[in-house]
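Enquirer: Here you go, one structure.
Every number here is computed from the coordinates shown, using simple stated rules; none is lab data. This one's a predicted model, so the numbers in the text were calculated from it and none came from an experiment. Neighbour counts are summed over all protein chains in view; Cβ atoms, including those assigned to glycine, are modelled from backbone coordinates with ideal geometry.
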Amino acid sequence: MYQCEHFKIQELVPPAIFEACGEGAWELLDERLLITLDRLRKLYGPITVNNWHVGQEREWSGLRTPESPFYSPTSQHTFGRAADCIFHRTDAESVRKHILADHDDPNFDLIGGIELGTSWLHFDVRNCERIKAFHP
Ligand SMILES: [Zn+2]
């Protein structure tokens, strides 16, 4: 089982899932997502996904359940295959450009889709002709 080197499980699931599953919640997330999160962290520095565990408001940027106001049954977030990332030392647009310009870079080889035009980086590990870039 892969567990992130640079992220706690609380950063990737909402509070109710952490309360129910604890560290077992790692099993709900696709390992390709987790591996890529660590790679992006190494390349670009600190990243915020969820921050509810430190008293802030983001709780739906990783795994989403039907309780989320952003829930969709077909979202990659629903399947533990997507994360919305806020970068501290760079910005989403720069990272997106880098990924799209160099998608054969081994650091990016597990990425399936990315969203365009958002102030965060949504990436996912969907099964598709990669890299699929789309507007949300
Ligand atoms: Zn997203």
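Enquirer: With label points built 7 Å along Cα→Cβ from the Cα atoms of HIS6 and ASN107, find their separation and express it in nm.
Expert: Spacing of the two 7 Å Cα→Cβ label points: 0.8 nm.
Enquirer: Rounded to the nearest Å, what's the spacing between the alpha carbon centres of the range 1-52 and the range 78-122? Just the number, please.
Expert: 16
Enquirer: Send over the semi-axes of the chain's equivalent ellipsoid, whole angstrom and largest first, taken as the square roots of 5 times the C-alpha gyration tensor eigenvalues.
Expert: Listed largest to smallest, the semi-axes of the chain are 22, 16, 15 Å.
Enquirer: Which GluC sites (Glu not before Pro) from the range 60-121 combine a DSSP loop assignment with at most 13 other Cβ atoms within 10 Å?
Expert: Sites meeting the loop and neighbour criteria: GLU67.
Enquirer: Amide H neighbours of HIS122 under 5 Å, counting only residues 5+ apart in sequence or on other chains, H built in-plane at 1.01 Å?
Expert: Distant-sequence amide H within range of HIS122: CYS85, GLU115.
Enquirer: Looking at the range 9-134, what % of its DSSP beta bridges pair antiparallel, to the nearest 5?
Expert: Numbers: 8 of 11 bridges.
Percentage antiparallel, nearest 5: 75.
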